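Reading through the structure tokens given below for one structure.
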Amino acid sequence: MIFRQIFDSVSSTYTYLLASRRGGEALIIDPVLDKVDRYLQLLQELDLKLVKAVDTHLHADHITGLGALRDRTRCITVMGERSRVDVVSMRVTEGDPIEIEGLTLSVLYTPGHTDDSYSFLMADRVFTGDTLLIRGTGRTDFQNGDAGAQYESIFGKLLKLPDETLVYPAHDYKGDTVSTIAEERAFNPRLQVASKQHYVELMHGLNLPNPKLMDVAVPANMRVGMSHEEIARRGWAVGAAEALQLLGRSDATLVDLRERREREKHGLIPGSLHAPYPDLADNVRPGGMLHALASATGKRLVFYCAFGERSAMAVQAAQGAGIAAACHIEGGIDAWKKAGGPTVAPSA
Ligand SMILES: [Fe+2]
């Protein structure tokens, strides 16, 4: 496995780059905007293809690299379903897997620092965001923080993991890089409390100043969504209501870009084809499945995904590969459902 911990000294943030092998798919956790060039260089040096960029929560102390990485690598952006970020490509919830080639992270919902804080468990290690830090815990006094919820997340979920589980937090201000569950249970001063009430009182007594970048970072991080205007201006977008008219027409094929798990959970548009986003480049190039379909039948390819992010990138890739009749559904299946569009369960 390739595992890199990259430090941003301005915000004391740790970013993690994961891959199962050289030359394979990669995933990044909590990227920082100012460090995006460094990540791209490292990806190139290790011959990795970035397929997913994940944030543990909406950060208040730095601007996320999610949007820039999406724009420069066409990777999928992932956050928890409780996040109020305008649009991310994929939203996950407790128990969901986040998969790339050869690696799976399991999602734990661990609110408290914020109400959109998630931790990601992978075999022998857990990425705890700002929920559990090394010999500390994330503050709970803004962004819908809740010290009681944090107590439950830490004592009810994280400390129940095996003792030897490695703890990789989103920040460290002292230079520590990794800990274990057993170490934190024994030595983390914030966890030496007799009760939830005691923990809440401890957290409420901290009186911390706001992070320096908070007024800039929070609004910036809520706008990760890509600019859709240019795609619409070129006529490559259809609204959900308009897309409803395409249902059952012989001159259009709806193409679902989502993963199997998303299709099972949220259903799919009847009659649509499944062509997962990670295989898109292969599918739209001359000789690829979608390229052949479009040129053999003259059908309009109508891409859709969860929220219209992956499909917007797919349209640009398809148009770039010469499929002139490609477009996408703005807002994805989320908008489709809100417009009253029917869905069915995937067939086995
Ligand atoms: Fe945070």
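Data table
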| item | result |
| --- | --- |
| From the options Val36, Val51, Val107, residue that is without any contact (Cβ under 8 Å) to a residue 60 or more places away in the chain, in a strand (DSSP E or B) and either β-branched (Val, Ile, Thr) or within 15 Å of the ligand (Cβ to nearest atom) (or both) | Val107 |
| When residues of segment 138-152 are limited to those that are among the polar types (S, T, N, Q) and over 14 Å from Asn188 (Cβ atoms), the one nearest to the ligand (Cβ to nearest atom) | Gln143 |
| Residues of segment 292-336 that turn out to be over 22 Å from the mean Cα position of the chain (by Cα) and not in a strand (DSSP E or B), as a count | 16 |
| Total residues in segment 168-195, condition hydrophobic (A, V, I, L, M, F, W, C), more than 16 Å from the ligand (Cβ to nearest atom) and under 26 Å from the mean Cα position of the chain (by Cα) | 2 |
| Qualifying residue in segment 302-311 (condition: in contact with a Pro (Cβ under 9 Å, 6 or more places away or on another chain) and of a type outside the set (Ser, Thr, Tyr)) | no |
| Residue within segment 120-137 that is part of a strand (DSSP E or B), under 25 Å from Ser11 (Cβ atoms), within 12 Å of the ligand (Cβ to nearest atom) and under 17 Å from the mean Cα position of the chain (by Cα) present | yes |
| Search result, residues across segment 68-100 that are out of contact with any helix residue (DSSP H, G or I) (no Cβ under 8 Å at 6 or more places or on another chain) and either among the hydroxyl-bearing types (Ser, Thr, Tyr) or more than 28 Å from Lys160 (Cα to Cα) (or both) | Asp71, Ser83, Arg84, Asp86, Thr93 |
| Identity of the residue in segment 94-104, among the acidic types (Asp, Glu) and part of a loop (DSSP other than H, G, I, E, B), that ends up farthest from Gly80 (Cα to Cα) | Glu101 |
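Just so you know, all these numbers are worked out from the coordinates, no wet-lab data involved. As the structure is a prediction and not an experimental result, all values here were calculated from the model. Quick reminder, even Gly has a Cβ in these numbers, built from the backbone with ideal geometry, and neighbours come from all protein chains shown.
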